[in-house]
Amino acid sequence: MSKRFLIAGNWKMNKNAQETRAFFNQLKNLLTPTIQSELLICPPFTSLETAAHYNQTTQIALGAQNVHPELKGAFTGEISPAFLKGLVSYVIIGHSERRTLFGETSAFINQKLHALLSAELKPILCVGESLQERKQNKAFSVIETELEEGLKGISADQASSLTIAYEPIWAIGTGETATPEIAEAIHAFIRKWLTNRFPQQANSIRLLYGGSLKSSNAQHLLSQPNIDGGLIGGASLEPNSFIEIARIADQIRK
Ligand code: PGA
């Protein structure tokens, strides 16, 4: 049986509480007929309560865009996994914007991963190469290192709560998308890596593609055998375009 797609919106630093309310109110009207793919929205922390409130009647999962590995303490400006528990089911970690703009290392991302698993929150670990790395034929080795370091120390049991997002840095927010062939080659590589490590779980771990995914390219990307959904930035900010991608996904895996 094929997996259910996960269609996830990463809002980044967009939408205050009022805009979040408007989004969910609009979204509600777009959910009939029922969508089969799993839907997930990751708003900024300050909009999470509002999202949870206006999302009560829908089946949309909520996620956070970041977390700190410690449960509490002197970490000014940070958010604990304990605060997210009950409010979200997924948490994005290792996004390239956090790695490059905020200097997050794979070791730190690995600590976050363990903290999330302990709190029974589902991590979405992002991996992806830069344009320079791709041009130097280093894409596969970069992804392999990010998997090795990011997933260090997790058990096979814990692996079943994972989602991995492949987001080529050169495709994020640029309008430039990886071709379905490029994306599938990396996804197949990630699947193989997971199969070596977690033979029982590897096939059920969802692998998302991210990087300028939108309704005009969703069909080709989501049709690839190892692509199980999308992590969508720009195109998730507008309810119609987000839902259009989910409907395309539903058509592929009916
Ligand atoms: P994008 O962002 O769809 O705007 O390229 C994707 C992401 O960074 O998660």
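The values are calculated or read from the model by the stated rules, or taken from the named source; none is laboratory data. Since the model is a prediction, treat every value here as computed from it, not as a measurement. Neighbour counts are summed over all protein chains in view; Cβ atoms, including those assigned to glycine, are modelled from backbone coordinates with ideal geometry.
A few notes on this one:
- Residue match in the stretch 193-209 (condition: touching a residue at least 60 places away in the same chain (Cβ under 8 Å) and either within 16 Å of the ligand (Cβ to nearest atom) or acidic (D, E) (or both)): yes
- Within the stretch 53-80, if we keep just the residues that are over 17 Å from the mean Cα position of the chain (by Cα) and under 30 Å from Q36 (Cα atoms), the residue that is modelled with the lowest pLDDT turns out to be Q59.
- Of everything listed in (1) out of contact with any Asp or Glu (no Cβ under 6 Å at 6 or more places or on another chain); (2) of a type in the set (G, A, S); (3) at negative phi, the single unmet condition for G175 is (3).
- Cβ separations smaller than 6 Å between residues 6+ apart or across chains give the following pairs from the stretch 24-39 residues that are farther than 11 Å from N55 by Cβ to residues that are outside any loop (DSSP other than H, G, I, E, B) and β-branched (V, I, T): L30/I243; S37/I7.
- Scanning the stretch 103-124 for residues that are more than 16 Å from Q158 (Cα to Cα) and away from the ligand (no atom under 16 Å from the Cβ) returns G103, T105, S106, A107, F108.
- Each residue in the stretch 134-188 was checked for being touching a residue at least 60 places away in the same chain (Cβ under 8 Å) and under 24 Å from A202 (Cα atoms), and 3 pass.
- Matching residues in the stretch 154-208 - criterion: being exposed (fewer than 15 other Cβ atoms within 10 Å of the Cβ) and under 17 Å from G233 (Cα atoms): G173, T174, G175, E176
- Near pairs, Cβ below 6 angstrom, 6+ apart or cross-chain, from the stretch 1-17 (within 30 Å of N203 (Cβ to Cβ) and modelled with pLDDT of 95 or more) to any residue that is within 16 Å of the ligand (Cβ to nearest atom) and of a type in the set (S, T, N, Q): G9/S236
- In the set (1) small (G, A, S); (2) under 15 Å from I243 (Cα atoms); (3) out of contact with any Asp or Glu (no Cβ under 8 Å at 6 or more places or on another chain), the condition left unmet by A61 is number (3).
- Selection count where residues are farther than 21 Å from L27 by Cα and crowded, with 24+ Cβ neighbours inside 10 Å, scope the stretch 228-254: 1
- For beta carbons closer than 8 Å, sequence separation of 6+ or different chains, a first residue in the stretch 72-91 that is at negative phi and a second that is assigned to a helix (DSSP H, G or I) and among the basic types (K, R), the qualifying pairs are V91/K112.
- Listing of helices (runs of 4 or more DSSP H) fully contained in the stretch 1-102 that carry 2 or more residues being more than 16 Å from the ligand (Cβ to nearest atom) and surrounded by fewer than 18 Cβ atoms within 10 Å (Cβ to Cβ): 17-28, 48-54
- For Q224: the one exception among (1) farther than 23 Å from S141 by Cα; (2) more than 16 Å from the ligand (Cβ to nearest atom); (3) touching a helix residue (DSSP H, G or I) at 6+ places or on another chain (Cβ under 6 Å); (4) not acidic (D, E): (1)
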